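Notes to accompany the following structure.
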Amino acid sequence: MDRSRFPLFSCLRWACSGFLFATVLAAAQPANLSGTWTLNKDLSDKPPAGMHAWKSQGAESQAPSETAPQDTEKKGHHGKMDFQKAFGTLTIQQTGDRIVMKNGWRERILYTDGRLITENGPRGAAEVHARWEDGRMIVDAQSERGGARTETYSVVDGQLIITTHLDAHGNMPELNLRRVYDAAAPAN
């Protein structure tokens, strides 16, 4: 091989390696979920008929807190509650591996650094693990007294998409729900 071509091939090899490395790093970056999001009820799934039976058996605490109901009012522990007011707005603050989600009355803190956390609810504790996978945040939860739940958070075309899969447990059916949130308009 001609020695004058060696530096050219070497530079070309390093340039290609650098491009591939940068591509892998860019693909591994987590999505930016930060912001205030408003539930788009028209694009979100309505709870399936089976969910009413599921809730009537006392498993309501395992339902995702941002589930869209079939109407705008829902009976809670203290009478009627306006769903859009309580759950229609989701605020996410993302700082490094710490994710803080505020949805109505509920604040949820997740860590995507591999740590396992415990969330307490009316039906007992759930072990929760959050991680990044292909630019999406995946949250796996296993309740003491219920089936497993997997939530996937992604931003697609400026909308926050949350898909929730609830495993069948006992006589409660498997559920899949998709909620779509639009970025809230900035306050003037």
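The values are calculated or read from the model by the stated rules, or taken from the named source; none is laboratory data. Just so we're clear, the structure is a prediction, and the values are computed from it rather than from any experiment. FYI the Cβ positions are ideal-geometry reconstructions off the backbone, even for glycines, and counts take in every protein chain you see.
Data for the structure
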read-out	value
Single condition residue 172 does not satisfy, out of (1) closer than 24 Å to residue 97 by Cα; (2) surrounded by 17 or more Cβ atoms within 10 Å (Cβ to Cβ); (3) out of contact with any strand residue (DSSP E or B) (no Cβ under 6 Å at 6 or more places or on another chain); (4) not acidic (Asp, Glu)	(1)
Within segment 107-116, tally of residues that are surrounded by 15 or more Cβ atoms within 10 Å (Cβ to Cβ) and among the aliphatic types (A, V, I, L, M)	1
Some residue of segment 87-100 being farther than 30 Å from residue 186 by Cα, at pLDDT below 95 and of a type in the set (Ser, Thr, Tyr)	no
